[in-house]
Ligand code: HEC
């Protein structure tokens, strides 16, 4: 028996050695995100900053084709607008992101912030008269602008590698948000031609140059550090929201369903006791 176990262990260790030799990726650490637990919610400040990082850095190479600018201003989204009554002046004041309590949701078509975000992007459209491509400011109904017209152009600009669409990337990669965070913070600094060493990427050599540099994205809030770690956590938070925008409602519904099932079980037990009270079994 002991011999069998030793033999199995030896095979396992040898197998692990071979896998490591083949350049298998390192397992990402568990990063503490606010949305991790079964009742956890998004930190909307982080999602807002993460959009800024995506827009200023990642959007130069990656599209997010499933998202339109109006999605940023829908209920529960990072730039949703609410009118909140100021307790001192009794005036209604605009508040971006869900307020702690109260607040009247403003429809996204009336949301000046999201309109400004869309208008800040230049979109290539077709001129209705000439049929020629023309540039115009973005509208809230536009999908996120893709940096390249097609995959061939994207590969041609990236040494043959394709920067994948990031709309649902945290759902599409094993390890989810932890993997994205580990990848963005995991560059070793070594490179070989146009490939950069990153132990978290399968194969360990990635064609994406380290995208984040300390201080590159200016945050409005002076309290938030402008480090690679903070940018990475924020942009990952945004990408997680994009992959799963209805997580919070789903978790709340889950809790209601659980409470209902517990009450139902209690009632069923009591009625079972009542029905069988005079029977011996
Ligand atoms: C200069 C262009 C460029 C920029 C800027 C850039 N990327 Fe990339 N990215 C790439 C390329 C190219 C790949 C494909 C790499 C490969 O297949 O080796 C890639 C791949 C990825 C992947 C997929 C890795 C995998 O597991 O397949 C993720 C996630 C990613 N990038 C996130 C980001 C984020 C987040 C940002 C912004 C902070 C960003 N990228 C900025 C070019 C870029």
Next item on the list: Extending each Cα 7 Å along its Cβ direction at residue 29 and residue 158, get the distance between those two points in nm, one decimal.
Entry: 2.7
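Tell me whether the range 123-256 comes out rounded, prolate or oblate; compute the Cα gyration tensor, take square roots of the eigenvalues as a ≥ b ≥ c, and use a/c under 1.5 as the rounded threshold. Can you show the working numbers first?
On the way: a/c = 1.64, a/b = 1.13, b/c = 1.45.
Taking the square roots of the gyration eigenvalues as a ≥ b ≥ c, the range 123-256 is oblate.
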Check: Which value at 222 nm does the chain reach when only helices count, each DSSP H run of 4 or more adding -39,500 (n - 2.57), with the total divided by all residues and rounded to the nearest 500 deg cm²/dmol?
Finding: -12000 deg cm²/dmol
Item checked: Global geometry of the chain, whether rounded, prolate or oblate, following the gyration tensor of its Cα atoms and the 1.5 cut on a/c -> oblate
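How would the range 100-192 be classified by its alpha-carbon gyration tensor: rounded, prolate or oblate, with rounded meaning a/c under 1.5 and the a/b versus b/c comparison settling the rest? Display every interim value, and only then the final one.
Values: a/c = 2.85, a/b = 1.19, b/c = 2.39.
Because a/c hits 1.5 or more and a/b fails to exceed b/c, the range 100-192 counts as oblate.
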Next item on the list: Kindly list the residues of the range 215-241 that lie in the label zone of residue 250, defined by a backbone N under 14 Å from the point 7 Å along the Cα-to-C-beta vector.
Entry: 240-241
Check: Dividing the convex hull volume of the Cα atoms of the range 21-108 by its residue count, what figure in Å³ per residue is obtained?
Finding: 164
Notebook entry, point to check: Spin-label point model (7 Å from Cα, Cβ direction): what's the residue 265 to residue 90 distance in nm?
Noted result: 5.1
Check: Sorted from fewest to most neighbouring beta carbons within 10 Å, what does the list 247, 208 look like?
Finding: 247, 208
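At a Förster radius of 30 Å, what calculated FRET efficiency corresponds to the Cβ-Cβ distance of residue 107 and residue 56, to the nearest 0.05?
Values: r = 28 Å, r/R0 = 0.92.
For residue 107 and residue 56, the calculated efficiency is 0.60.
Please work out how much length the chain gains when fully extended from residue 257 to residue 150, using 0.36 nm per residue of separation minus the C-alpha to C-alpha distance, in nm with one decimal. Mind showing how you got there, number by number?
Numbers: separation 107, 0.36 × 107 = 38.52 nm, distance 4.48 nm.
Separation in residues times 0.36 nm, less the Cα-Cα distance, equals 34.0 nm.
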Notebook entry, point to check: What's the extension gain from residue 190 to residue 122 if we count 0.36 nm per residue and subtract their Cα-Cα distance?
Noted result: 20.9 nm
Checklist line | Size of the range 68-142 as Cα extents on the principal axes (Å, biggest first) | finding: 56, 21, 15
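Every number in this text was worked out from the coordinates using simple rules, so none of it is lab data. Predicted model only: the values in this text are computed from it and were never measured. For neighbour counting, all protein chains shown are included, and Cβ atoms are generated from backbone atoms with ideal geometry for every residue, glycine included.
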